[in-house]
Each structure stands twice: as C-alpha cells, then as structure tokens.
C-alpha cells in the first residue's frame, strides 16, 4: 500500500474533524445518485463530484494523486476499481461504482458505492447486494475485533456462505487501508483471511473497509493507462467502501450519514457518534 508505515492514531477531536470530510464524500455520493442517467458520460459525472467539492470548500484527494487525472474513480461493468472518467457512456443496463474522496482542513474522506442502472440484470443487482453486505460484515467484525485481520476473515466468510451457483469472485489484490492526514496509510485492511492477524485494533484508528467482488473469476489486470483495473474474463465487478473510526466507546461509520446505524443493525451493533 501507499502511505506511511506507522499507524496514525487520532484523538476524538480529530475524528470529529474527519467526520466533516467524510460527510462531504456522502454529499458527493448523493449528488451522483441523483445525476447518473443512461446517456451520460463518466466525465460528466466526474464534473458533478467536482462541483460538490468546490461548493464545500474542499478538494479531491484523488485528483493529482500519483498523477491521477480526475476527481473520482468511476468504474463501469468489467472495471473493478480506478476507472478514469472520460468519454464512456453509461447505458441503462450498466453496474457503476463511484469511488470518491475529499480533503477538508487536512483530513481525508474516502468511500465508494455502486449503482445498478434501471435495466441491469438480476445478477448485477445481486452482485451489488453481496458486495455491500460483505462490507457490512467486515465493519461489524471491526466493532469487536482484536486484530485488523478479522475484517478480512468476516468478508471472506460471508462470500463463502453465498450459494455456490451465485457466489462471486473475491478480489484479493486490492484492499482497504488506514486513512487520516493522508488518504492511504497503514494498516492494510485485507478482504480475505490471512495467517498474519494484522495490527491490533486500538482506539484512534480510522480504517476504510472496501471489498470488491466479480461475477466471474477475480483475476485482473491493469490497462495501459496504469490505473484502470479490469477483470481478465470481462465479467462485471462491484466495489463498496465506508470509512470507520474506532474509539474507546465503540465504532462510528464516518461516511454514513447515520453513522452506520442501519447497516450495523442486523449484527446487533450500535455505532457511537462523538459529536
């Protein structure tokens, strides 16, 4: 992963500041949900993200990051992650993932959601459902985890529980991460179980949990633009992400407007806001 090797632990006051940048990301998501329609280009949708950032007095943490040329990553169908907005036209059957970020007062926000267009197939709709649910399983595990690796174990266990005839592929090369004064920081947050349990979960951590699933095999490759990651077999993919703070009284899903109340309710977990 990019970023520092040392984990950055935040005070409660700093987490509250991060909530502001996270809610700008939620604003971007709301604007994109409303704007996306068949016939639009991904470039036009990127301008929507840019307008929200400008109105909020924030900037994109994606634009210029290692040369990345846009405000957001918009990944359509076979694109798993890091899709560069441009001339690609959205159709009424597409599945589209919007990975968006914001920086405000030096603190970073980062989250992704997926839209299935009006005539998307049922398998695409199920793919989005399973990816979002896998994310919430990972977040729920984090609430009581001793090590960060438990997040990946929970995600993999959920994917393995899906009936074999509809079980998606689990992308392993791309993962979640710490976030704070930089967008990508330690520790890595894997989407699968590993022998290494990962860092100990401690108050002050802020982590992004972001599984990516595919309808076919998860094998992937990076296109010649050095960013766009696509499935090798051309199957569709999906990406969901939330940014989660751990503090001494519980967890708080910073990029969810309700702090994660609805997403965590099925797990019997109640998030604890700090504001």
Quiz item: Is it the case that some residue within segment 200-207 is over 23 Å from residue 107 (Cβ atoms) and surrounded by fewer than 22 Cβ atoms within 10 Å (Cβ to Cβ)?
Solution: yes
Practice problem: Identify, by number, the condition in (1) at pLDDT 95 or above; (2) more than 17 Å from residue 9 (Cβ to Cβ) that residue 205 doesn't meet. | Solution: (2)
Practice problem: Tally the residues that are touching a residue at least 60 places away in the same chain (Cβ under 8 Å), surrounded by fewer than 23 Cβ atoms within 10 Å (Cβ to Cβ) and within 18 Å of the chain's Cα centre (by Cα), restricting the search to segment 53-76. | Solution: 2
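May I ask you to verify whether residue 251 is surrounded by 14 or more Cβ atoms within 10 Å (Cβ to Cβ), part of a loop (DSSP other than H, G, I, E, B) and at pLDDT 95 or above?
Against the criterion (surrounded by 14 or more Cβ atoms within 10 Å (Cβ to Cβ), part of a loop (DSSP other than H, G, I, E, B) and at pLDDT 95 or above), residue 251 does not qualify.
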Quiz item: If the Cβ limit is 6 Å and pairs must be 6+ apart or interchain, which residue in segment 1-30 that is assigned to a helix (DSSP H, G or I) pairs with which residue that is at pLDDT below 95?
Solution: 16/275
Quiz prompt | Single residue of 86, 109, 50, 101 found to be more than 29 Å from residue 252 (Cβ to Cβ) and either in contact with a helix residue (DSSP H, G or I) (Cβ under 7 Å, 6 or more places away or on another chain) or free of Cβ contacts under 8 Å to residues at least 40 places away in the same chain (or both) | solution = 86
Quiz item: Among the residues of segment 34-45, is there at least one that is under 16 Å from the mean Cα position of the chain (by Cα) and touching a residue at least 60 places away in the same chain (Cβ under 8 Å)?
Solution: no
Quiz item: Do we have any residue at all in segment 164-176 that's at pLDDT 95 or above, within 24 Å of residue 14 (Cβ to Cβ) and surrounded by 14 or more Cβ atoms within 10 Å (Cβ to Cβ)?
Solution: yes
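The values are calculated or read from the model by the stated rules, or taken from the named source; none is laboratory data. Only a predicted model underlies this, so the values are computations on that prediction, with no experimental measurement involved. Quick reminder, even Gly has a Cβ in these numbers, built from the backbone with ideal geometry, and neighbours come from all protein chains shown.
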